[in-house]
Amino acid sequence: MEFKRFVVNKLILFFTLSTLITVTVALVGSAFAPDERFGYGTMLLPIKYAALCMLPTFVTFSRRELSPKAMLFRKALMLILIEAVMMIIAFTGPEIDTDRPEVILVIGGCVLVIFVLVHLFLWLKDSAEAKRLTLDLEKFQQLHG
Amino acid sequence: MDVRIEQVGTTGEELVLIRCREITEEVREIESFVKSRQGSLSGVSDKQQYEVAVTDVCYIESVDGKTFLYTNDRVYETSSRIYELEELLRPKHFLRISKPMLVNLMKIQSIQPAFNGRFLALLSSGEKAIISRNYVKALKEALKG
């Protein structure tokens, strides 16, 4: 894949991640610390997390097209690295209460859910594109048939 | 090899005659080129030579340096190289969809999403062919005309 297209895809992924992390933080936060109040700086946290989680996604970059098996391996590696990044953030930053083990489990689970959701969105995007291509193909065949 | 072109007028029979000392690969390629210009390709199946109508070919694949023509129910080996056929069959609505494969756009029934930005072409023969990510743009352009 050419690098430009790879970067565009990563930008789409970044904004999708930011949205999903914001929703997750809101849901998990209201379940674990519903009375907590934050300053304006907190609003930047999902963007910061999304940006840091973007770094492991570069393991999927390849100039030649990867086989499904190789891509699956790199995606699994990416998930492990994202989990590691989130754990480092949780244990080194002041925002997350890591003394409660259930919080750590929830973070790990949320990363997995977001990972699945992102791939579901990408699948839906490809599915819509495939439908458009099929329609264009039908028109093409009617025109040249 | 000398090349001569002779005009036969409106009533004369048109003919391409190759006079050679030996029927080599090169001669077969010239034969294949001339036939493909007329809408058919030479192919060998079960040790017999056939003329395959271009419109009957679903896709063409290169495997281990050999080129095969696939119709709805038969496979033929041809002496032409895939890059030669790509040039030759472009006006006949054939398009490269991956490194080893050309597909007849008129034989695609629908397009579905596949893993990692690729698409799957469902052919009239019931077979499925992977549309590589690198060739999706060319497919879109071809369908838009």
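The values are calculated or read from the model by the stated rules, or taken from the named source; none is laboratory data. Since this is a predicted model, take the numbers as computed values, not measurements. Here the Cβ is made from the backbone with ideal geometry for all residues, glycine too, and neighbour counts use every protein chain on show.
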Complete set of residues in the range B:89-145 that are facing another protein chain (nearest Cβ under 8 Å), part of a strand (DSSP E or B) and in contact with a Ser or Thr (Cβ under 6 Å, 6 or more places away or on another chain): B:S110, B:I111, B:P113
Which one is farthest from the chain's Cα centre (by Cα) among residues in the range B:1-32 that are hydrophobic (A, V, I, L, M, F, W, C) and not in a loop (DSSP other than H, G, I, E, B)? B:V27
Hey, A:E65 hits all of (1) more than 12 Å from the chain's Cα centre (by Cα); (2) touching a residue at least 40 places away in the same chain (Cβ under 8 Å); (3) within 14 Å of another protein chain (Cβ to nearest Cβ); (4) part of a helix (DSSP H, G or I) but one; which does it fall short on? (4)
Limited to the range B:5-24, what total is found for residues that are within 24 Å of B:S79 (Cα to Cα) and modelled with pLDDT of 85 or more? 9
Listed by first then second residue, the pairs whose first member lies in the range A:100-126 and is in a helix (DSSP H, G or I), whose partner is of a type in the set (D, E) and at pLDDT below 90, with beta carbons under 7 Å and at least 6 positions apart or on separate chains, are A:V103/A:D97
Scanning the range A:101-112 residue by residue, those surrounded by 12 or more Cβ atoms within 10 Å (Cβ to Cβ) and farther than 13 Å from A:C53 by Cβ turn out to be A:V103, A:I104, A:V106, A:G108, A:G109
Only one of these is over 30 Å from B:S98 (Cβ atoms) and of a type in the set (G, A, S): A:A76, A:A70, A:A33. Name it. A:A33
Testing B:L122 on (1) in contact (Cβ under 8 Å) with a residue 24 or more places away in the chain; (2) surrounded by fewer than 18 Cβ atoms within 10 Å (Cβ to Cβ), one condition comes back false. Which one is that? (1)
Quick one: A:T60 ticks every box in (1) more than 19 Å from B:N116 (Cβ to Cβ); (2) surrounded by 12 or more Cβ atoms within 10 Å (Cβ to Cβ) except a single one, so which number is it? (1)
As an exercise: evaluate B:Q38 against (1) under 22 Å from the mean Cα position of the chain (by Cα); (2) free of Cβ contacts under 8 Å to residues at least 24 places away in the same chain; (3) closer than 16 Å to B:S79 by Cβ; (4) loosely packed, with under 15 Cβ neighbours inside 10 Å and give the number of the one condition it does not meet. (3)
Answer residue from the range B:67-91, given it is in contact with a Phe, Trp or Tyr (Cβ under 9 Å, 6 or more places away or on another chain) and acidic (D, E) and is farthest from B:E127 (Cα to Cα) among those: B:E84
Conditions: (1) loosely packed, with under 12 Cβ neighbours inside 10 Å; (2) within 14 Å of another protein chain (Cβ to nearest Cβ); (3) outside any helix (DSSP H, G or I). A:P94 meets all but one. Number of the miss? (2)
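Limited to the range B:108-119, what total is found for residues that are surrounded by fewer than 18 Cβ atoms within 10 Å (Cβ to Cβ) and under 24 Å from A:F6 (Cβ atoms)?
The total comes to 2.
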